[in-house]
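Enquirer: Below is one structure. I have some questions about it.
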Amino acid sequence: MEILGIPLQAMLSQLLLGLVNGSFYAMLSLGLAVIFGLLNVINFAHGALYMMGAFLAWMGLNYFEVDYWIMLAAAPLLVGLFGVVVERTMLRWLYKLDHLYGLLLTFGITLLMEGLFRSVYGVSGQQYAVPDALSGAFDLGFMVLPKYRAWVVVASLAVCSGTWFMIEKTKLGAYLRAGTENPKLVEAFGVNVPLMVTLTYGFGVALAALAGVLAAPVIQVSPLMGSNLIIVVFAVVVIGGMGSIMGAIVTGLGLGVVEGLTRVFYPELSATVVFIVMVLVLLVRPAGLFGKEK
Amino acid sequence: MNKKIGIALVLGAALAAPFVIYPVFLMKVLCFALFACAFNLLIGFTGLLSFGHAAFFGGAGYAAGHALKAMGLPFELGIAAGVAVAALSGLLMGSLAIRRQGIYFTMITLALAQMLYFLYLQAPFAGGEDGLQSVPRGKLAGVVDLSSDLAMYFVVLAICAGGLAVIVRTVHSPFGQVLRAIKENEPRAVSLGYDVDRYKLLAFVLSAALAGLAGATKTVVLGFQTLTDVHWTMSGLVVLMTLVGGLGTMAGPVVGALLIVVLENKLGDLGNALGALTGVEWFRTLGESVGMVTGFIFIVCVLAFRRGIVGEIGALNWRFIRSCVQVRSQSEISKNRQSA
Amino acid sequence: MSVVLETRQLTKEFKGFTAVNNVSLRVQRGHIHALIGPNGAGKTTCFNLLTKFLVPTSGQILFNGRDITMARPARIARQGIIRSFQISAVFPHLTVLENVRVGLQRPLGNSFAFWQSEKKLNALNGRAMELLAQVDLEQFADTVTADLPYGRKRALEIATTLAMDPELMLLDEPTQGMGHEDVHRVTALIKKVARGRTVLMVEHNMSVISGISDRISVLQRGALLAEGTYQEVSSDPRVMEAYMGTTAGTTAGTTAGTVPGALEGAH
Amino acid sequence: QVSNDVVKIGIITDLSGLYSDLSGQGSIVAAKMAIDDFGKTVLGKPIELLTADSQNKADVASARAREWIDQQNVDALMDLVPTNVALAVMDIAQQKNKLAIVVGSASSVISNEKCTPTSAHWMYDTYSSSVGTGKALLKRGGDSWYFLTADYAFGKSLEKDVTDVVTAGGGKVLGSVKHPLNSSDFSSFLLQAQASKAKVIGLANAGGDTANAVKQAGEFGIAGKGALVAPLLMFISDVHSIGLKYAQDMYLTEGFYWDQNDATRAWAKRFFAVQKKMPTMAQAGMYSAVTHYLKAVKAAGTDETTAVMKKMRETPVSDVVIPKGTLRADGRVVHDMLLVQVKKPAESKAPWDYYKVVDVIPAAEAFRPLAQSGCPLVKK
Amino acid sequence: MAAALEITNLHAWYGESHILHDVNLSVNQGEVVTLLGRNGAGRTTTLRAIMGLTGARKGSIRINGAEAIGRATHRIAHLGVGYCPEERGIFSSLSTEENLLLPPLVAGGPPGMPLDEIYEMFPNLKERRASQGTRLSGGEQQMLAVARILRTGARLLLLDEISEGLAPVIVQTLARMITTLKAKGYTIVMVEQNFRFAAPLADRFYVMEHGQIVESFAASALREKMPVLNQLLGV
Ligand SMILES: Nc1ncnc2c1ncn2[C@@H]1O[C@H](COP(=O)(O)OP(=O)(O)OP(=O)(O)O)[C@@H](O)[C@H]1O
Ligand SMILES: Nc1ncnc2c1ncn2[C@@H]1O[C@H](COP(=O)(O)OP(=O)(O)OP(=O)(O)O)[C@@H](O)[C@H]1O
Ligand SMILES: [Mg+2]
Ligand SMILES: [Mg+2]
């Protein structure tokens, strides 16, 4: 059986690969959405923090012989801590201002960090091997799926749904959502909003770092790995609806698939297709797929 | 009165500058200054943050370059072609984006600009990543040979001054008044019978056309046009220039453009000079760290000088004046109390 | 007397919730027509429908006999229906004079003229000052609007609205959030400017309504409950129960300054 | 005879971007070595080196070039990375009659349609890097190809050059897929390539894209299953970053390898002492370019461009990096290239011991023949 | 009886503007006190200052004996204060019921009003419980804002203009509610424009002008103070 001249099996395997990429998009845009939601900050540094996560994993292995599994937890923690410091010392002063300022500040942070890593490690990137437990591949019949890629999908789905549940269904999530709109009032109700904000930023960037660690065995660990991605991830968040958790997850996965299909039918366009989707979506649904119109 | 003196001073300096400073560098600054001012017309006075202005700046550059090089058109028509293409792209992009608000507007402009980027990347005449090279400068009015940097400089100065004049006039025109009203309270403007979308669209097209003027001029000055100018980082750069200089001020974008262009071009020299002066070797590596230094400046600006350089200076004056007034009114109040 | 504005079976549903239900209103030319009703009755929604900030689910809106159900907001404004907002709507960083000029400017036809000097607009100053005089704001002409006290901002809003020379003014709770003096001032103002035009207003303050309205429609749960003069409506037992509460008959008429007794309820 | 009593060389290279590992700081180090080896003076005048970061922006680089020429009296501009920078600077150099020697940029248009009388292209180009590999693999039975091509001019020209070689040699090109620059995930493209059943998957891309494609080919077991992955433009710095585990057995074409003979080893050791990395062919090429330039200045007795250029063409290139080469009329420096195969991890005995030299591709074959040149300066 | 709220020499600023000048007031346990004044007199600012929502503050605010100045806003709430802001502050990303359940219970305090009872008091809310908070009508939002803090167990309520924009019936409901709360021993500070709503409910009145308390009297003195009020407020 063929679809538009492509064998069904090939199609299936491309869809699956799209889903893998979508998992990265979902995790990254989820972090962005959480941060935008509560802090009203468009965290441009997200790509750089993703890169930092990957680098930490690499450094852990090369300098301290700490293996993948430990770094999977340690790198997000460290980056989260870094985020906490950034939030406490810098972002904090910008909440009342236009989005623009947060964007600019985090853009500055991005330039600084990428420059720093580049001057130490160069641009060619570092190699990070797939952990032993996950090397090898599943033979699915229609394709060979490396075990590691399957793991990425599983891990990302778990993290995304966990985060979604926490935000949409728990009391803590209600505080977060309310804090998004009127932090002062929520504070007047007795919730420690500043702490919540700090931790949220830490959590959001930790998600980026986690995605970075997950990506390290798949792509070259290089200082520029994040900047290539960040604009696309922004687009994902916007298509999903700024600040919408569900939107970020579903759109992330969906766009991964759309991009995967484009790679088959019109590969040149695969870096641009996200933007085409974005324009179409915003023309029809001004606040994005899952966004609420104010 | 003060203002007139200020303008005269600036004009004088601009006329004298090429004899002191390298003209091509000055021309580049001028083009970016015009670009930033055009951008500021949109964000500073209409409140619309576009993240797609590179498409106009670079797109006009391609159009002008193509017109001059491949079609052999004269200088004036080359520039006009650039402006026309920018205005047209502006009309197209604007009519799709204007209907959306806030961050969504910004993102739609980014997305459309990315599509145009794709177009320029693929279009055969644009030369892919090698760019459109060897664009001739031609002659002004068929007479003045522009291959002399000095002659070119005065032409560019005239173009940019003209562009700025258009912006100033627009801001202080009946149209500008409506734009201000829309920026302040859009629903109210609607309820007073203004079709706000059409006003915003005109502002967008104007801004695009002027950005195109800047881009086309830059291409002619430098003699080539590459993908750098249509890439989203260029859209980002112009945001930064405007912000660092001071949003919504007239002089801010000019100052911001100057700062950024200087940073891009002269940081290495500065580092070397510092290195020689202080003997600290590290300074010599500054030239490789334009990105990092730029990043650092933005962090500092955002945290400490949020209104931008010009805005901050303005605020300083204002604060000073206000503190005087406040002292007075306070004493008046206490006087009134006593009498009451 | 002719009908300026008419709605026929106007209905608005939000995701299965009917906020405005089959409302047929007729506003007579020259009237001050009040729309009252308990909270959530659909008054603001009704206004939003009339000014096209919302699109009706079904029904028709006729202005001077013309169907405007599908017209766009700015177009409605140009036909002579101007609204005010429940929260004050001014251009805060423009001066008071400029605020009014924005209202006057459009008919001049140079609003797209980005090449002209804004000095051209000075031609409108005389008319603008006249309008400011009507609302006692002349002495504030050059003040930046943000610095005006709240009540004055509402007055300015009315002046700007008048600049459009509207045939029909829609006022959404014009006295909300005002002190007593301001309430009186604005009430008087509405009465003054309503001469020669039609006003449709939403208001909770019964003393304002009783003083100036020619006709009152009462909404409840999105539907029209009663209609008539103040006397008729306020003695309607259904209205009493749904809106004014049991003691409304005595309260609403009471004027300020009397001894506060069992005066729960209306302002 | 020497303008301003100093010979000034200006290096514009990528110090901070994508190409900084293959050229960048290492190019400057190599140029300094050349100047030092020459004795720091020529014709009794000092040699001065200026350096600048192109930031990969043609406008930054060209503004720099103009200023250097007009205000600092720079005599020769070198490295010029990447290609758009090179083209822009070559244009200016021609207008102002100065030398532009391109080393780090790859595009073969530099000595083709876009050639200028005052420019030269050293060490390698897209043709020399890809064609050698193409021919070698064809000879070893790789007669059906599929390309993963970066959707940019240089990617397309790599693909085209190899396609010509492959079809001329009786091989078939089964197809190609154009991917956007910096697509970090190549699995989809690789599967398409695999589905074509081609014996060779040619990577017509560079830098991070190539590295990722190689790595993911390993991950999906494509390299293992009979298909050969062939990068068409790769440097030793890329092999270093990919690591032998994934890069092993690949064929590629290099202009220089440090472990060729005693002279190269000695030279590379000095380089390593400063840079802590072995030189790429682009960096080594800088040494050759600067050396040859200085020799020509000395021979011409002046630093005037036309005279120097004439001498540069007349004298053969001969130094530790390029022992035997010539500068052709189209500005192309032609010399022997090396076909190398990446060692298996077990075979590599020391850091940077990466290549087995499989073949020497003679200069006449390694570069596009003058007869096919699109350069207007070449009289046919 | 110990004072539930004791404010002495309070100054407060918004940025550079000095709004409150030396405010002194005290509210006893179980009392209902009303702050009167014209627009801009500083009544809202007083409540916001208590919650730590203004800019700088100076002076002393004691809540059940504990000093609130220098304390973070969220910790002030834990002293048992419920604040209902002038602008209502309904959250649009939360449903009506989520809004209602949002404020955390005061730790260690007495139990608040159960949900059923709240719904009984405000049937509109029950009907619209699943709807997005800001989709409620203006008046419904006002009800929600008040109802929300009743549930937490806070015993000191700061209510800013709660009768604003409400239909007379609802205003009556609110009046009854306040009477009930008072009977239950709640301490209430109300800011009111609507004098006739506030008058019969309050035990004591403070009148503010230009950021200062200019008059204070007990309910019993209301009749004789009417002329002063007339002059100060135009009532
Ligand atoms: N966008 C919306 N989506 C869903 N429901 C809505 C929306 N807007 C209003 N409603 C509902 O419609 C009903 C009528 O609201 P409306 O704002 O018209 O009331 P109102 O009569 O103006 O009341 P008030 O006097 O309290 O302002 C309310 O129950 C409200 O919850
Ligand atoms: N966020 C703010 N920044 C600066 N000044 C403010 C701010 N909020 C209020 N003010 C000023 O503080 C003064 C007191 O305002 P406040 O809101 O306390 O008055 P109020 O008595 O509650 O009156 P209202 O009836 O308007 O609610 C006013 O002059 C007001 O302009
Ligand atoms: Mg309403
Ligand atoms: Mg108040």
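Enquirer: Given segment A:1-129, what whole percent of its Cα pairs are spread farther than 22 Å?
Expert: Working: 4171 of 8256 pairs.
Across segment A:1-129, Cα pairs with separations above 22 Å total 51 percent.
Enquirer: Same structure again: A:Leu280 to A:Asp98: extension gain in nm, 0.36 nm per residue of separation minus the Cα-Cα distance? Mind showing how you got there, number by number?
Expert: Details: separation 182, 0.36 × 182 = 65.52 nm, distance 2.64 nm.
Full-extension gain reported as 62.9 nm.
Enquirer: What's the total accessible area buried between chains E and A, using a 1.4 Å probe, rounded to the nearest 100 Å²? Walk me through the intermediate numbers first.
Expert: On the way: alone 10520 and 14160 Å², together 22850 Å².
Summing both chains' loss of accessible area gives about 1800 Å².
Enquirer: Also, I was wondering about something else. Among E:Thr187, E:Val171, E:Ala199, whose Cα projects farthest towards the positive end of the dipole of segment E:3-233, with charges put on the beta-carbon of Lys, Arg (+1) and Asp, Glu (-1)?
Expert: Of E:Thr187, E:Val171, E:Ala199, it is E:Thr187.
Enquirer: Sort largest first and round to whole Å: the equivalent ellipsoid semi-axes of the protein assembly as shown, each the square root of five times a Cα gyration tensor eigenvalue. Intermediate results must be reported in sequence, preceding the final value.
Expert: On the way: eigenvalues 937, 259, 181 Å².
Computed over the protein assembly as shown, the values are 68, 36, 30 Å.
Enquirer: Still on this structure, I have one more. Round to the nearest 0.05 the FRET efficiency obtained for C:Ser235 and E:Arg223 when R0 = 35 Å and r is the Cβ-Cβ distance.
Expert: Numbers: r = 31 Å, r/R0 = 0.89.
The pair C:Ser235/E:Arg223 has a calculated efficiency of 0.65.
Enquirer: Could you do me a favour and compute the accessible area per residue for the protein assembly as shown, 1.4 Å probe, result in Å²? Mind showing how you got there, number by number?
Expert: Working: 54430 Å² over 1516 residues.
The answer is 36 Å² per residue.
Enquirer: Still on this model: Are there any residues in segment B:192-218 with a reduction of at least 50 Å² in accessible surface when going from the isolated chain to the assembly of protein chains? Probe 1.4 Å, please list them by number.
Expert: Those are B:Leu192, B:Gly193, B:Tyr194, B:Asp195, B:Tyr199, which lose 50 Å² or more relative to the chain on its own.
Enquirer: Need the per-residue list for segment B:280-314: every residue with at least 40 Å² less accessible surface in the complex of protein chains than in the chain by itself, probe 1.4 Å, sorted by number.
Expert: B:Glu288, B:Met292, B:Ile299, B:Val302, B:Leu303, B:Arg306
Enquirer: Where in chain A lies the longest segment free of GluC sites (Glu not before Pro) that are both loop residues by DSSP (not H, G, I, E, B) and have at most 12 other Cβ atoms within 10 Å?
Expert: Details: sites that count: A:Glu65, A:Glu293.
For GluC sites (Glu not before Pro) (loop position, at most 12 other Cβ atoms within 10 Å), the longest site-free span of chain A is A:66-292.
Enquirer: Oh, and also: When averaged across all projection directions, what area in nm² does the alpha-carbon convex hull of chain D cover? Mind dumping the intermediate values first?
Expert: Working: hull surface 68.3 nm².
Averaging across all directions leaves 17.1 nm² for the Cα convex hull.
Enquirer: Okay, moving on. So how do A:150-162, D:262-274 stack up, highest first, on mean other-Cβ count within 10 Å? Intermediate results must be reported in sequence, preceding the final value.
Expert: Details: A:150-162: 17.2, D:262-274: 14.5.
Per-residue Cβ counts within 10 Å, averaged per peptide and sorted highest first, yield A:150-162, D:262-274.
Enquirer: What nm value, rounded to one decimal, do you get for the distance between D:Leu377 and D:Ala364 when each label is placed 7 Å out toward the C-beta?
Expert: Label-label distance for D:Leu377 and D:Ala364, simple model: 2.4 nm.
Enquirer: What does the charge count near D:Ala307 come to, summing +1 for each Lys or Arg and -1 for each Asp or Glu among other residues with Cβ under 14 Å from its Cβ?
Expert: On the way: positive: D:Lys98, D:Lys295, D:Lys298, D:Lys310, D:Lys311, D:Arg313; negative: D:Asp75, D:Asp303, D:Glu304, D:Glu314.
My count for the surroundings of D:Ala307 gives +2.
Enquirer: Could you compute Rg(Cα) / (2.2 N^0.38 Å) for segment D:211-278, with N its residue count? If you can, show how the numbers build up before the last one.
Expert: On the way: Rg = 14.3 Å, N = 68, 2.2 N^0.38 = 10.9 Å.
In units of the 2.2 N^0.38 Å rule of thumb, it is 1.31.
Enquirer: Over all alpha-carbon pairs of segment B:1-72, lay out the pair-distance distribution in 10 Å bins, whole %, shortest bin first.
Expert: Pairs per bin, as whole percents: 16, 30, 34, 19, 2.
Enquirer: Place the peptides B:125-134, A:118-127, E:207-216, A:244-253 in order of packing, highest mean first, counting for every residue the other Cβ atoms within 10 Å and averaging per peptide. Working shown, then result.
Expert: Working: B:125-134: 22.2, A:118-127: 20.4, E:207-216: 18.4, A:244-253: 25.5.
The densest-packed peptide leads the list: A:244-253, B:125-134, A:118-127, E:207-216.
Enquirer: If amide H atoms are built 1.01 Å from N in the plane of the peptide, which residues on other chains or at least 5 residues away come under 5 Å of the amide H of E:Ile213?
Expert: E:Asn24
Enquirer: Once you wrap a convex hull around the alpha carbon atoms of segment B:12-269, what is its projected area averaged over all directions, in nm²? Provide the component values of the computation, followed by the final result.
Expert: Numbers: hull surface 53.9 nm².
Averaged projected hull area, Cα only: 13.5 nm².
Enquirer: What part of the accessible area of segment B:1-150, given as a whole %, is carbon or sulfur when the probe is 1.4 angstrom? It would help to have the intermediate numbers written out before the result.
Expert: On the way: 4270 of 5680 Å².
After summing per-atom areas, the C and S share lands at 75 percent.
Enquirer: Rounded to whole Hz and in sequence order, give me ³J(HN,Hα) for segment D:298-306 from the Karplus expression 6.51 cos²θ - 1.76 cosθ + 1.60, θ = phi - 60°, writing x for Gly and Pro.
Expert: 4, 5, 6, x, 7, 9, 5, 4, 4
Enquirer: Under a Cβ-Cβ cut-off of 10 Å, what is the net charge of the residues other than D:Ala296 that fall near it, where Lys and Arg count +1 and Asp and Glu count -1? Numbers along the way, then the final one.
Expert: Numbers: positive: D:Lys295, D:Lys298, D:Lys310, D:Lys311, D:Arg313; negative: D:Asp303, D:Glu314.
With Lys, Arg at +1 and Asp, Glu at -1, the net is +3.
Enquirer: Count, for each residue of A:96-102, the Cβ atoms from other chains sitting within 10 Å of its Cβ, then give me the mean as a whole number. Could the numbers behind the result be given before it?
Expert: Numbers: counts 0, 2, 5, 4, 9, 6, 1.
Whole-number average of other-chain Cβ neighbours for A:96-102 is 4.
Enquirer: Next up: Using the Karplus curve 6.51 cos²θ - 1.76 cosθ + 1.60 with θ = phi - 60°, work out ³J(HN,Hα) for each residue of segment A:77-87 in order, rounded to whole Hz, and write x for Gly and Pro.
Expert: Each residue's phi maps through the Karplus curve to give 5, 5, 5, x, 4, 4, x, 4, 5, 4, 5 Hz.
Enquirer: I've got another one for you. For D:Ala230, which sequence-distant residues (separation of 5 or more, or a different chain) have an amide H within less than 5 Å of its own amide H, given hydrogens modelled in the peptide plane?
Expert: Under 5 Å from the amide H of D:Ala230 lie the amide H atoms of D:Ile201, D:Gly202, D:Leu203, each far enough along the sequence or on another chain.
Enquirer: Next up: Pairing the Cα long axis of helix D:126-139 with the longest principal axis of chain D, what angle in degrees results, from 0 to 90 and rounded to the nearest 10?
Expert: Roughly 40 degrees, rounded to the nearest 10.
Enquirer: If you keep only loop residues by DSSP, which trypsin sites (Lys or Arg not before Pro) in segment A:1-96 have at most 15 other Cβ atoms within 10 Å of their Cβ? Spell out each step's value before the answer.
Expert: Numbers: sites: A:Arg88, A:Arg92, A:Lys96; in loops: A:Lys96.
Passing both the DSSP loop test and the Cβ count: A:Lys96.
Enquirer: If r is the Cβ-Cβ distance from C:Asn125 to B:Leu15 and R0 is 45 Å, what FRET efficiency results, to the nearest 0.05?
Expert: 0.70
Enquirer: Go ahead and run the numbers for FRET between B:Ser147 and D:Ala299, Cβ-Cβ distance against an R0 of 35 Å, rounding to 0.05.
Expert: Details: r = 33 Å, r/R0 = 0.94.
For B:Ser147 and D:Ala299, the calculated efficiency is 0.60.
Enquirer: Another question, then. In sequence order, what are the phi-derived ³J(HN,Hα) couplings for segment E:166-171 according to the Karplus relation 6.51 cos²θ - 1.76 cosθ + 1.60 with θ = phi - 60°, rounded to whole Hz, with x for glycine and proline?
Expert: For segment E:166-171, the Karplus-derived couplings read 9, 5, x, 4, 5, 4 Hz, x marking Gly and Pro.
Enquirer: Okay, moving on. What accessible area, summed over both chains, is buried at the C-B interface (1.4 Å probe, Å², nearest 100)? All intermediate terms of the calculation are to be shown ahead of the outcome.
Expert: Numbers: alone 13360 and 17710 Å², together 28230 Å².
Buried: approximately 2800 Å² between B and C.
Enquirer: Rounded to the nearest 10 degrees, what's the angle between the helix A:171-181 long axis and the longest principal axis of chain A, both from Cα atoms, 0 to 90?
Expert: 70
Enquirer: Still on this structure, please answer the following. If I take the Cα coordinates of segment D:239-316 and project them onto the principal axes, what are the three extents in Å, biggest first?
Expert: 51, 26, 21
Enquirer: Could you please report the charge total around A:Gly173, scoring K, R as +1 and D, E as -1 over all other residues with beta-carbon less than 15 angstrom from its beta-carbon? List each step's numbers first, then the result.
Expert: On the way: positive: A:Lys169, A:Lys171, A:Arg177; negative: A:Glu168, A:Glu181, E:Glu97, E:Glu98.
Summing Lys and Arg as +1 and Asp and Glu as -1 gives -1.
Enquirer: On average, how many beta carbons from a partner chain sit within 10 Å of the beta carbon of a residue in A:119-131? Walk me through the numbers on the way to the answer.
Expert: Working: counts 9, 0, 2, 10, 13, 14, 9, 4, 10, 2, 4, 3, 0.
That average works out to 6.
Enquirer: Could you give the DSSP H helices of chain B that reach 15 angstrom or more along their long axis (alpha carbon positions) and whose average Kyte-Doolittle hydropathy is no lower than 1.0?
Expert: Working: long enough: B:2-16 (21 Å, 1.31); B:23-46 (33 Å, 2.00); B:54-69 (22 Å, 0.64); B:75-97 (32 Å, 1.77); B:102-122 (31 Å, 1.35); B:149-171 (32 Å, 1.96); B:174-184 (16 Å, -0.03); B:196-222 (39 Å, 1.23); B:232-245 (20 Å, 1.71); B:252-278 (33 Å, 1.15); B:290-304 (21 Å, 2.66); B:308-339 (45 Å, -0.34).
Qualifying helices, which must be both long enough and hydrophobic enough, are B:2-16, B:23-46, B:75-97, B:102-122, B:149-171, B:196-222, B:232-245, B:252-278, B:290-304.
Enquirer: Expressed as a whole percentage, what fraction of the accessible surface of segment C:131-225 belongs to carbon and sulfur atoms when a 1.4 Å probe is rolled over the protein heavy atoms? Provide the component values of the computation, followed by the final result.
Expert: Working: 1390 of 3140 Å².
Roughly 44 percent, rounded to a whole number.
Enquirer: For D:Ala120, which sequence-distant residues (separation of 5 or more, or a different chain) have an amide H within less than 5 Å of its own amide H, given hydrogens modelled in the peptide plane?
Expert: HN-HN under 5 Å from D:Ala120: D:Ala100, D:Ile101, D:Val102.
Enquirer: Between D:Asp164 and D:Leu43, how many nm apart are label points set 7 Å from Cα along the C-beta direction?
Expert: Reported label-point gap for D:Asp164 and D:Leu43 is 3.8 nm.
Enquirer: Quick one: Debye curve from the alpha-carbon atoms of segment B:248-310 only, equal weights, vacuum; give me log10 I(q)/I(0) at q = 0.23 Å⁻¹ to two decimals.
Expert: The calculated log intensity ratios at q = 0.23 Å⁻¹ are -0.95.
Enquirer: If the viscosity is 1.567 mPa s and the temperature 4 °C, what translational diffusion coefficient in µm²/s does Stokes-Einstein give for segment E:3-233 when Rh comes from Kirkwood over Cα pairs? Don't skip to the answer; put the middle values down first.
Expert: On the way: Rh = 17.9 Å.
The Stokes-Einstein estimate is 72 µm²/s.
The values are calculated or read from the model by the stated rules, or taken from the named source; none is laboratory data. Treat the numbers as computed from the prediction; the structure is a model and nothing was measured. Glycine also receives a Cβ, built like all others from the backbone with ideal geometry; neighbour counts cover every protein chain displayed. Heavy atoms of the whole protein, side chains included, go into the accessibility calculation; ligands, DNA and RNA do not. Shrake-Rupley method; radii C 1.70, N 1.55, O 1.52, S 1.80 Å.
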